[in-house]
Amino acid sequence: MVCINLLPWREARRRQQQRNFATFTGIALALAALAMFLVRTEFSHRIEYQQQRNQFLTSELAVLDQKIKEIQELEKKKKNLIARMDVIQQLQVSRPEVVHLFDELARTIPDGVQIIDLTQTDKSIAINGVAQSNARVSVYMRNLDLSPWFHEPSLEIIESQSESKDKKGKQMSRFSLKAKQTGESGDTVIPVAKPLTAKIKR
């Protein structure tokens, strides 16, 4: 009977299998490392690209902010110029109004009434004066109310003063009244740039 020893062949096959496993394992690890390197490189490129885009957007936003500031400055200058033009136009329009104001004041003052001073503030005129009687003040207020340049006159103060007398020695009454200024057509007059103060005697 012949005996065959198979142990060396099995041992050789086992060693070959181990070598094959080690080779495949090494190849797998190398491929995995290569894949991880490629993925990491791709992500790095994408992050760098996104950072470049962010920097570009940041620089463009800074340019836009600067342009917006310039536009805002131009808008401020434009508003200032328009305001100055409006003031100049108002002054040009109000120049003849002063002439009409004094002319109408002279027309509305009745006999026996003297205006000591008047002050114009915006749309209101304050008049201080003296009159020979309260009736003269009433007539004056009626004339102002009928005038196309004044309306809503209101008496503030009226009082008799012994030291104030006319040429005939009659006692005079000191009065103070206010009236609103309007245009001839009834529109409100554009006020002058500075309050108007004047002294008028008749």
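What the table below lists for this structure:
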quantity	calculated
Glu184 closer than 23 Å to Gln90 by Cα, modelled with pLDDT under 85 and surrounded by fewer than 17 Cβ atoms within 10 Å (Cβ to Cβ)	yes
Test: residue in region 157-168 that is surrounded by 15 or more Cβ atoms within 10 Å (Cβ to Cβ), at pLDDT 75 or above and under 44 Å from the mean Cα position of the chain (by Cα)	no
Residue pairs meeting the criteria (Cβ under 6 Å; at least 6 apart or on separate chains; first under 16 Å from Ile127 (Cβ atoms), in region 95-107; second surrounded by 10 or more Cβ atoms within 10 Å (Cβ to Cβ) and of a type in the set (S, T, N, Q))	Glu104/Ser147
Test set (1) farther than 17 Å from Lys180 by Cα; (2) touching a residue at least 12 places away in the same chain (Cβ under 8 Å); (3) basic (Lys, Arg) - Lys76 fails condition number	(2)
Where Asp122 falls short, out of the listed (1) under 17 Å from Lys180 (Cα atoms); (2) more than 25 Å from the chain's Cα centre (by Cα)	(2)
Qualifying residues in region 111-147 (those that are in a loop (DSSP other than H, G, I, E, B) and without any contact (Cβ under 8 Å) to a residue 60 or more places away in the chain) - the one surrounded by the fewest Cβ atoms within 10 Å (Cβ to Cβ)	Asp111
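The values are calculated or read from the model by the stated rules, or taken from the named source; none is laboratory data. Worth saying up front: this structure is predicted, and the values here are computed from it rather than measured. We place every Cβ from the backbone using ideal geometry, glycine too, and count neighbours over all the protein chains shown.
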